[in-house]
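Asker: First, the structure itself, so that you have it in front of you.
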Amino acid sequence: MVHEKVSSGTAEGEILVEVLGTSLKLKVHAGKALLPKGFAYVEPKRKTGRRKKTSRQPRSLNIQDTSGYAPDAVALRLVKTLGNNTVAALLGVSADRPGRWASGVEEPTRENRAELMDLDGLVGHLLAAFTPEQATLWLEGQNPHLGARPIDVYRIDGAAPVIEAMKAFEQGAFA
């Protein structure tokens, strides 16, 4: 129950509000009551009437083993796209490793497997945004969003900040 109502859009002052038997004195700024610390305003949900309410969970999550995501397939794709030496340098492994993984002679460690997938994701983002030549120039050029070359940031921090910078570039944030 509100004891005093503020009607002006530029009103200043205080109002006394009773909520669940407790009286609260609220400050008013620009016609809006300011809640004290510890209180949060939750915006009511809007009903559009267009959508039928559905569960956020998929009905059945059926992830199947796909050979295109096996370590040897990912390594082969990366070696064909970037070259064996570049993949090895980016992952910080010996020059023969990516080729051995791609041929199936050797299995990557759990850590190398995660790094392969990370690099594969980055390359996918790069090739969706740039031609291969542009991707090379972008990776090796100075980037204002990162404050460094994307290739160097990838070697230190992984793909996430580089992908973020790529999205900023695509949106023209640093054009």
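Asker: Given points 7 Å out from each Cα along the Cα-Cβ axis, report the Lys25 to Asn85 separation in nanometres with one decimal.
Answerer: Simple spin-label model gives 7.6 nm for this pair.
Asker: Given labels modelled 7 Å from the Cα in the Cβ direction, how far is it in nm from Gln134 to Glu12?
Answerer: Calculated label separation equals 5.3 nm.
Asker: Let me ask something else. Between Ser94 and Glu111, how many nm apart are label points set 7 Å from Cα along the C-beta direction?
Answerer: 1.6
Asker: Tell me whether the range 78-175 comes out rounded, prolate or oblate; compute the Cα gyration tensor, take square roots of the eigenvalues as a ≥ b ≥ c, and use a/c under 1.5 as the rounded threshold.
Answerer: prolate
Asker: Let me ask something else about it. Cross-link partners among aspartates and glutamates for Lys25, C-alpha distance below 14 Å, same-chain residues fewer than 8 apart left out?
Answerer: In chain and number order, the partners are Glu4, Glu12, Glu14.
Since every read-out is calculated from the coordinates, none of them should be taken as a lab result. Computed from a prediction, not measured in an experiment: that's the story for all the values here. With ideal geometry, Cβ positions are generated from the backbone for all residues, glycine too; neighbour counts draw on all protein chains shown.
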